[in-house]
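Worksheet for the structure shown next.
The values are calculated or read from the model by the stated rules, or taken from the named source; none is laboratory data. Note that this is a predicted model, so its numbers are computed, not measured. As a convention, Cβ positions derive from the backbone with ideal geometry for all residues, glycine included, and neighbour counts pool all protein chains shown.
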Amino acid sequence: MNMQLDDVITKVTDFLKNEAKTETVVGAQFKLGEFTCVPVIRLGLGFGFGGGEGEGDTPKNGKGKGEGSGAGAGTGIEPMGFLVTRGEEINFISTKSSKGLSAMFEKAPDILSKYFEKKESNEVHN
């Protein structure tokens, strides 16, 4: 099989376009009350390709002819945190510390209760 470097890179790039997305790793943007949360990821890529051919006599096997190639790619995808917006306010909540994702989930009940209180208040006044 004679595969060109351009073909390999095209196939790997197409794969990464489809698979290495925030939505694939941690999900799509979502709403939490009046907050909009957008997941953020870190993506690392590595590529390798090599090939060779050979001809001639070898001492133990007689005449020989050979050809070979190989390619590899690797990715590392890691959730980093969330961009959280409310109105014009934007904050980044990291998943790396106790102040990150766990803090967001600790605040979720308070955020939700405020949201429902405001909603009830608006329904009573309307």
Residue list for the stretch 88-122, filter: at pLDDT 70 or above, among the small types (Gly, Ala, Ser) and farther than 14 Å from Cys37 by Cβ: Ser113, Ser121
Among (1) surrounded by 14 or more Cβ atoms within 10 Å (Cβ to Cβ); (2) at pLDDT 75 or above; (3) of a type in the set (S, T, N, Q), which single condition is Thr22 missing? (2)
Scan the stretch 38-94 for residues that are over 27 Å from Lys17 (Cβ atoms), out of contact with any helix residue (DSSP H, G or I) (no Cβ under 9 Å at 6 or more places or on another chain) and β-branched (Val, Ile, Thr) and jot them down. Thr58, Ile90
The listed residue being under 30 Å from Tyr115 (Cβ atoms) and modelled with pLDDT of 75 or more, out of Glu53, Glu34, Glu67, Glu78: Glu34
